[in-house]
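In what follows, a single structure is set out as structure tokens and then discussed.
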Amino acid sequence: MTHTRRLALALIVLTAGCAQPPCPVCPPPKPPAERAQYLERSFAALPGWDAAQLEPSLRAFMAGCPRSAGPLIAACATATTVPAGDEAAARRFFETVFIPYSLAGESGDTGLVTGYYEPILSGSRTRDAVNRYPIYGVPDDLVVVELASVNPEVRGLRLRGRLDGRRLVPYSSRGEIDASAALRAPVLAWAADPVELFFLHVQGSGQIQLDSGERIRLGFAEQNGHPYRSLGRYLVDRGEMPLEQASMQGIKSWAAANPGRLQEALAANPSYVFFRELADPRGPIGALGVALVPEYSIAVDRRFVPLGAPVFLLTTRPNSDEPLVRLVAAHDAGGAIRGAVRADFFWGTGADAGALAGRMRQQGKMWLLWPRGAPPPAAPSASPDPAGR
């Protein structure tokens, strides 16, 4: 039987089985649509707007233009006429082309701003006594189904699994993959530290420093279909650490002190990321398909903020009351980024960026800049893909 025919049969089983739960691979019941408000404002009403440096923000916005869509296309065309390095012209561009909209969700206009970065891991192209933890590419038997092809009511949802005869079954969880020696996936490299590898999965991209001095860059390719679960929350809920210590640094310290319990803790997050090797030297690639710009790219919930759009962000620096006020660009999305007022701030590459990202859990406000004459985006009726970037 061909792969195509098996997949068709699996979809038939899937759609029939959803009528009689429990069905382990059925999409979840459709929740009430999450709502967002787009409240038109003037630029003069944006706190800190007059003092913001906008020329670097313009370059970040333009970095996303090759992949932007809809009303942003015309804005991108206008951006090419702005002279490089001209701060006054950059300000005129944003204030002329866009209208700011205050974002508000069901909990109001204040939300969570976290940070992420591109880690650099020690590793090898081949397994040895030190580098023992595989970094996998996409498995041969991973099946990804866009559920809108089966039922338009679940637009935006994906189903991931594998074929077991004529049945589509859930793909292996993190714990099952880590315990298996028979995963049908290419190994792109081998890592030396399982905790660093775990955070590579959380970040979704990174670099591997090889013994030869060469570095290879890896980016998100796919995901196993299981929902993301916070390791920090798992440890807090079990009394292993207080909430204020549940940062990346705190988790690494706990792991160093509890090596015998590490695998059980890592398996609490069943989500698993598969990577691809990237040739782009400019930086990690976000969900928009362009290289991220350190300290000027953010990940958003694309139900509410279109990828490529400028976003004025008002928050504070990690573990600080020092303001962080910046016009950034929505270049990325993530499995844990949910809500209208929710952002993940990209700090850059390496240990210093990681130290900032790991401590960042701030409150913030967001204003979407949207082209004049175009109505603000409307949230879709379906929930987003609950797992993966």
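Just so it is clear, none of the values below were taken in a lab; they were calculated from the coordinates. Being a predicted model, the structure only gives us computed values, none of them experimental. As a convention, Cβ positions derive from the backbone with ideal geometry for all residues, glycine included, and neighbour counts pool all protein chains shown.
One way to sum up the overall shape of segment 220-259 is the equivalent ellipsoid from its Cα gyration tensor, whose semi-axes run 23, 12, 9 Å, largest first. The alpha carbons of segment 53-191 stretch over 59, 45, 32 Å along the principal axes, in descending order. Remark: segment 112-231 projects, on average over all directions, an area of 9.5 nm² (convex hull of Cα atoms). Taking the helices alone, the chain has a mean residue ellipticity at 222 nm of -6500 deg cm²/dmol, built from -39,500 (n - 2.57) per DSSP H run of at least 4 residues and averaged over all its residues. Would you please state the base-10 log of I(q)/I(0) at q = 0.14, 0.17 1/Å for segment 181-265, with intensities from the Debye formula using one equal scatterer on every alpha carbon? Rounded to two decimals, the profile gives -0.61, -0.87. Can you grab the distance from the C-alpha centre of segment 122-142 to the C-alpha centre of segment 260-329, Å, no decimals? Each part reduced to its Cα centre gives a spacing of 24 Å. May I ask for the net charge around Ala353, where only other residues with Cβ less than 14 Å from the Cβ of Ala353 are counted and Lys, Arg are +1 while Asp, Glu are -1? That sum, taken over residues with Cβ under 14 Å, equals -2. Over segment 140-293, the pair-distance histogram of Cα-Cα distances with 10 Å bins from zero comes to 9, 32, 35, 21, 3, 0 percent, rounded to whole numbers.
Within the shell defined by Cβ-Cβ distances under 13 Å, the residues around Ser320 carry a net charge of +1, with Lys and Arg each +1 and Asp and Glu each -1. With all pairs of separate Cα atoms included, segment 266-389 yields a Kirkwood hydrodynamic radius of 15.7 Å. Scaled against the 2.2 N^0.38 Å expected of a compact globular protein of N residues, the Cα radius of gyration of segment 47-127 reads 1.53. For the chain, a simple Cβ point-charge model (Lys and Arg +1, Asp and Glu -1, everything else neutral) yields a dipole of about 940 debye relative to the Cα centre. Out of every Cα-Cα pair that the chain contains, those further apart than 32 angstrom amount to 38 percent.
Taking packing as the residue-averaged number of other Cβ atoms within 10 angstrom, the listed peptides 265-276, 89-100 run from highest to lowest as 265-276, 89-100.
Using the average count of surrounding beta-carbon atoms within 10 Å as a protection proxy, the listed peptides 168-176, 307-315 rank, highest first, as 307-315, 168-176.
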